[in-house]
Amino acid sequence: MKFVAFPKQPAPYCVCLYQALEADGAEVLDGQWSAAWLRQHVARGDVVHLNWPSFLYSGARRHVGVAWRFLKFVLLMLWLRLRGARLWWTAHNLLPHERSRWPVLDVLARRLTIALAEHVFVHGAHARDVLVEAFPAAARKCRLISHGNWIAHYARAPERAAARRRLGLPEDAFVYLFLGQCRPYKNLGVLVRAFSRLPGEPLRLVVAGTFSDAAYRAEIEALAAADPRVLL
């Protein structure tokens, strides 16, 4: 069976999922969202698996670019179904965290994806209920699947005491941890300001992740610099 993944990497969720499928004998391609590439690599019966559909039409800043990328998304989705491809979607989010310049496009993209999908995968009963409440058409297509894990994907962590020494954290400190991509929708500024209002020692806040926006990083660094208990 052949899967065309959007995306196959670099997200650890995708890497682990598709490695497991390949270990089970499936062929998995790292998809490219272009008509020429899809025409060459996608045949009738192949599974096109979408994780975050908004990645396929977002990114443009000018109105013309926004409109064109969304039109391309619609046309390629329809063409894939006409070609006989099977569309599967894993609903990680109800709507994108970072909305389109025209938010209504995100709603229309969800409706189109659900309408064309053979299966819509969710990772919990509550997630299914929330999705179906917002998009009733998903009800008959929802498939509840377990969330995977990252066992053996990352190197074994050091012991607690060694990790604290390495990071310069007091052995007796209560440590709050933010782990993941550092993006504006995650409200790190609110987190740092709230932590800084907590009195006393020994408390620490560790923010561990990647900033994709230099201006946002500078904003959080400035907030963190005001409290020596915050470690970026």
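The values are calculated or read from the model by the stated rules, or taken from the named source; none is laboratory data. Since the model is a prediction, treat every value here as computed from it, not as a measurement. Neighbour counts run over all protein chains shown; Cβ positions are idealised from the backbone, glycine included. The protein model used for the area step is the full one, side chains on, heavy atoms only, and it has no ligands, DNA or RNA in it. Shrake-Rupley method; radii C 1.70, N 1.55, O 1.52, S 1.80 Å.
Any idea which residue in region 182-232 is most open to solvent (accessible area, probe 1.4 Å), counting only those that are touching a Cys at 6+ places or on another chain (Cβ under 9 Å) and polar (S, T, N, Q)?
The residue in question is Thr210.
For region 26-75, name all the residues that are open to solvent by less than 30 Å² (accessible area, probe 1.4 Å), in contact with a Pro (Cβ under 9 Å, 6 or more places away or on another chain) and farther than 15 Å from Pro103 by Cα.
Of everything in region 26-75, those that are open to solvent by less than 30 Å² (accessible area, probe 1.4 Å), in contact with a Pro (Cβ under 9 Å, 6 or more places away or on another chain) and farther than 15 Å from Pro103 by Cα turn out to be Gly31, Asn51, Phe73.
Give the number of residues within region 144-169 that are among the small types (Gly, Ala, Ser), open to solvent by less than 100 Å² (accessible area, probe 1.4 Å) and part of a loop (DSSP other than H, G, I, E, B).
5
Within region 77-90, is even one residue surrounded by 14 or more Cβ atoms within 10 Å (Cβ to Cβ), without any contact (Cβ under 8 Å) to a residue 24 or more places away in the chain, β-branched (Val, Ile, Thr) and touching a strand residue (DSSP E or B) at 6+ places or on another chain (Cβ under 8 Å)?
Checked region 77-90: no residue is surrounded by 14 or more Cβ atoms within 10 Å (Cβ to Cβ), without any contact (Cβ under 8 Å) to a residue 24 or more places away in the chain, β-branched (Val, Ile, Thr) and touching a strand residue (DSSP E or B) at 6+ places or on another chain (Cβ under 8 Å).
For the subset of region 1-56 comprising residues that are of a type in the set (Ser, Thr, Tyr) and at pLDDT 95 or above, which member is nearest to Thr113 (Cα to Cα)?
Going through the qualifying residues, I end up with Ser54.
Can Pro96 be described as open to solvent by less than 10 Å² (accessible area, probe 1.4 Å) and closer than 19 Å to Cys142 by Cα? Steps first, please.
On the way: open to solvent by less than 10 Å² (accessible area, probe 1.4 Å): no; closer than 19 Å to Cys142 by Cα: yes.
Taking the combined requirement at face value, the residue does not satisfy it.
Pick from Ala36, Ala11, Ala23, Ala67: which is in contact (Cβ under 8 Å) with a residue 24 or more places away in the chain and at negative phi?
Testing whether each residue is in contact (Cβ under 8 Å) with a residue 24 or more places away in the chain and at negative phi leaves just Ala11.
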